[in-house]
Amino acid sequence: MPSSRLFHKEEIEGKTVIDSGGRVTGKVKDVLFSMSGGVMLVVEKKDGSELQVPMSNVVGLSEYVITRSEGLSDAQAPSAPAGERTCKFCGHEMGQSVYCPGCGKSQV
């Protein structure tokens, strides 16, 4: 059931965006809306490029913005070289996992 809570643009800007596979997509740069009621997040990726994410792909919003990873084209799908991420608790190599294979703790 979708949340009925309303958010100010300032509450969302700067939040880290993570897809449902646990990969960091980037940070929210802006919020766009159309006169017909459509809302999109503008996400700035590490390489400086931008990605527009429809609010219909947002599944959670709290400390992070969590999005569905399905439906993104290859050009939009986030990518990180394997081995680049390490666990913030034990330093074990993470790959693309949300949970550390070394200590089992969530990275989200």
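In region 9-46, what trypsin sites (Lys or Arg not before Pro) fall in a loop by DSSP, with at most 12 other Cβ atoms inside 10 Å?
Sparse-neighbourhood loop trypsin sites (Lys or Arg not before Pro): Lys46.
What does the highest-first list of 53-59, 30-36 look like by mean Cβ count within 10 Å?
53-59, 30-36
Please compute the net charge surrounding Glu44, taking Lys and Arg as +1 and Asp and Glu as -1 over other residues with Cβ under 14 Å from its Cβ.
Net local charge, Glu44 excluded: +1.
Report, as a whole number in µm² per second, the diffusion coefficient that Stokes-Einstein gives for region 9-67 at 20 °C and 1.002 mPa s using the Kirkwood radius over alpha carbon pairs.
189 µm²/s
Could you name the lysines whose alpha carbon sits less than 20 Å from that of Lys27, not counting residues in the same chain fewer than 8 places away?
Straight-line reach from Lys27, under 20 Å: Lys9, Lys15, Lys45, Lys46, Lys88.
In nm, to one decimal, how far is the modelled label at Phe33 from the one at Tyr99, with both set 7 Å along Cα→Cβ?
With each label placed 7 Å out from Cα toward Cβ, I get 3.9 nm.
Read-outs throughout are calculated quantities, based only on the coordinates presented, and are distinct from any laboratory measurement. Here the structure is a predicted model, which is why all the values come from computation and not from measurement. So basically every Cβ, Gly included, is an ideal-geometry build from the backbone, and we count neighbours across all protein chains shown.
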